[in-house]
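For reference, the structure is listed below as structure tokens.
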Amino acid sequence: MSGTALRCFRCSPVPRPPAAPDAYAYLLGLYLGDGHLVTSTRTPVLRIACSDAYPGLITSCEQAMLAVLAARVQRIPKQGCVSVESSGNHWTCLLPQHGPGRKHERPIVLADWQRDVVAAHAGDFVRGLFHSDGCRVANRVTVKGREYVYPRYLFANESADIMGLCRWALDLLGVAWRMNRRNSLSVARRQSVALLDGYVGPKS
């Protein structure tokens with residue numbers, strides 16, 4: 001039995017929870033944002049695109065892959081980003097949301113065991129989502145000629161299902177959000193931004 005087969009927590013005689021559930025929740029968030037599981041090759045390849053402007057994010061992604069399943073991770077430079085990649089037959093077991101076409105063109109529904117992991121580690125899941133398709137920005141408004149600057153978080157995704165998972169996880173954390181566009185939500189209340197800072201923070 002291969003090393004990844006031994007580490008696959010879904011393929012043991014009695015399926016067990018992941019050994020590193022926080023890393024799994026974070027990796028799941030990254031995958032739902034900027035990830036792709038290639039199954040057309042002989043061995044499935046998990047690829048997550050990380051902006052090369054954030055070396056800390058690239059390292060966090062690599063560490064999560066190693067903690068969850070990977071025996072080896074590659075960093076493939078691309079234009080403006082780094083593709084963090086790992087080959088393994090059992091990535092398909094751990095990411096059942098894979099499928100042909102773009103994520104927003106097919107249903108994205110978590111398995112019961114994934115929902116349990118995310119519910120217990122919602123902060124790590126949200127961190128993965130915001131590290132992929134989110135950002136922390138300085139919002140500037142002018143009131144009666146006076147400029148005010150305050151931080152807020154934005155998360156955008158074309159998949160209504162993934163957006164729903166983000167809202168669910170934020171609700172679990174007690175973070176107030178609002179939809180500012182059809183495909184985008186905003187976290188702007190001071191208390192909620194402070195809560196999210198504790199889980200996400202600026203990308204690095």
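The values are calculated or read from the model by the stated rules, or taken from the named source; none is laboratory data. Here the structure is a predicted model, which means the values were calculated and not measured. We place every Cβ from the backbone using ideal geometry, glycine too, and count neighbours over all the protein chains shown. Protein only, heavy atoms only, side chains kept; ligands, DNA and RNA dropped before computing areas. Shrake-Rupley method; radii C 1.70, N 1.55, O 1.52, S 1.80 Å.
Which residue, ALA188, ALA53, ALA160, has the most motion in a Gaussian network model of the chain that connects Cα atoms within less than 10 Å? So, out of ALA188, ALA53, ALA160, the one fluctuating most is ALA53. Amide hydrogen proximity for ASN139: with H placed 1.01 Å from N in the peptide plane, the residues at 5 or more positions away or on another chain lying under 5 Å are TYR150, ARG152. Ignoring lysines fewer than eight residues from LYS78 along the same chain, the ones with Cα atoms less than 26 angstrom from its Cα are LYS103, LYS203. The mean accessible area for residues of segment 1-122, using a 1.4 Å probe and ignoring ligands and nucleic acids, is 50 Å² per residue. For HIS121, the accessible surface of its heavy atoms amounts to roughly 50 Å² (probe 1.4 Å, protein chains only, rounded to the nearest 10). Look at where the Cα atoms of segment 155-204 and of segment 15-52 average out, and the two centres are 21 Å apart. Computed from the C-beta positions of TRP168 and ASN89 and an R0 of 25 Å, the FRET efficiency is 0.25 to the nearest 0.05.
Summing Lys and Arg as +1 and Asp and Glu as -1 over all other residues whose Cβ lies under 13 Å from the Cβ of TYR148 gives a net charge of +4. By accessible area, using a 1.4 Å probe on protein heavy atoms only, segment 1-104 has 52% of its surface on carbon and sulfur. Site pair ARG178 and ARG16 shows an inter-label distance of 4.7 nm when each label is modelled 7 Å from Cα along Cα→Cβ. For GLY201, nonlocal amide neighbours, meaning residues 5 or more places apart or on other chains whose placed amide H falls under 5 Å from its own, do not occur.
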